[in-house]
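Shown next, in structure tokens, is the structure this report addresses.
Each reported figure results from applying straightforward, stated rules to the coordinates on display, with no laboratory input. Bear in mind the structure is a predicted one, so any value in this text is a computation, not a measurement. Neighbour counts run over all protein chains shown; Cβ positions are idealised from the backbone, glycine included.
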Amino acid sequence: MILALDLATKTGWAMRQNGQIISGVQDFSLKRGDSPGMRYIYFLRWLHKIMDEPPLAEYRNGESDTVVYEQAHHRGGPATEIAAGLATHLQSFCAERGNEHTAVHTATLKKFATGSGRADKAGMILYAKGKLGHDPINDNEADAVCLLHYAEANILTPAEGK
């Protein structure tokens with residue numbers, strides 16, 4: 001199974017279940033009174049849930065898991081700090097479980113989806129809708145769906161199945 005993630009406070013996610021893409025957005029916003037570290041605790045709880053509990057866990061059929069995520073930009077500021085923190089926690093989660101994980105640079109994903117490594121959010125949404133026939137609720141989900149498609153085309157070998 002591939003889990004594709006667009007890591008951010010509002011994390012887009014996508015995976016394939018019975019040949020169909022299932023996806024969504026998970027919000028890791030802090031609640032009133034939360035310390036900043038709570039965001040990562042919420043994220044890890046969600047990862048355990050999505051990977052280990054029904055209904056999603058039932059579709060893995062003993063397959064090894066691969067997690068692919070969009071590489072954080074290093075422009076500074078809170079968004080970069082959050083994305084890097086989520087990536088670090090994701091890497092630790094995968095290491096503990098023996099899951100493969102890989103980052104895909106944003107420009108690589110955009111070029112794959114739109115032909116331009118500088119595509120905007122609307123272009124990624126258009127690709128998810130037009131090429132993949134999926135109707136994402138926002139750009140985070142669109143990025144995750146595009147990332148899933150990228151991973152299936154470029155990371156898995158044909159023997160591993162899609």
Thr102 paired with Glu152, simple spin-label distance in nm, labels 7 Å along Cα-to-beta-carbon: 1.6 nm
For the range 2-160, with +1 on Lys and Arg beta carbons and -1 on Asp and Glu, the positive-most of Ile82, Met38, His48 along the dipole: Ile82
Charge tally in the Cβ shell below 14 Å around Ile125, where Lys, Arg are +1 and Asp, Glu are -1, Ile125 excluded: -2
The range 1-141 shape via C-alpha gyration tensor axes, a/c threshold 1.5: oblate
Extreme residue, positive dipole direction of the chain, given options Cys146, Ala103, Gly123 (C-beta unit charges): Gly123
Most mobile listed residue (Met38, Met15, Met124) in the chain, GNM with C-alpha springs under 10 Å: Met38
All lysines inside 22 Å of Lys49 as judged from Cα atoms, apart from same-chain residues fewer than 8 positions distant: Lys10, Lys31
Sequence of Leu30, Leu86, Leu147 once ranked by neighbouring C-beta atoms within 10 Å, starting from the fewest: Leu30, Leu86, Leu147
Residue-averaged [θ]222 nm for the chain, counting only DSSP H segments that reach four residues, each worth -39500 (n - 2.57): -14000 deg cm²/dmol
Gyration tensor verdict on the range 71-162 (Cα atoms; rounded if a/c is under 1.5, prolate if a/b is larger than b/c, oblate otherwise): oblate
Charged-residue dipole, Cβ positions (Lys, Arg, Asp, Glu), the chain about Cα centre, Debye nearest 20: 420 debye
Lys49 versus Ser64: modelled label distance in nm, points set 7 Å from Cα along the beta carbon direction: 2.9 nm
Sites matching trypsin sites (Lys or Arg not before Pro) across the range 1-96 that sit in DSSP coil, with at most 13 neighbouring C-beta atoms within 10 Å: Lys31, Arg32, Arg75
Relative contact order %, the chain, counting alpha carbon pairs below 8 Å whose residues are six or more apart: 29 percent
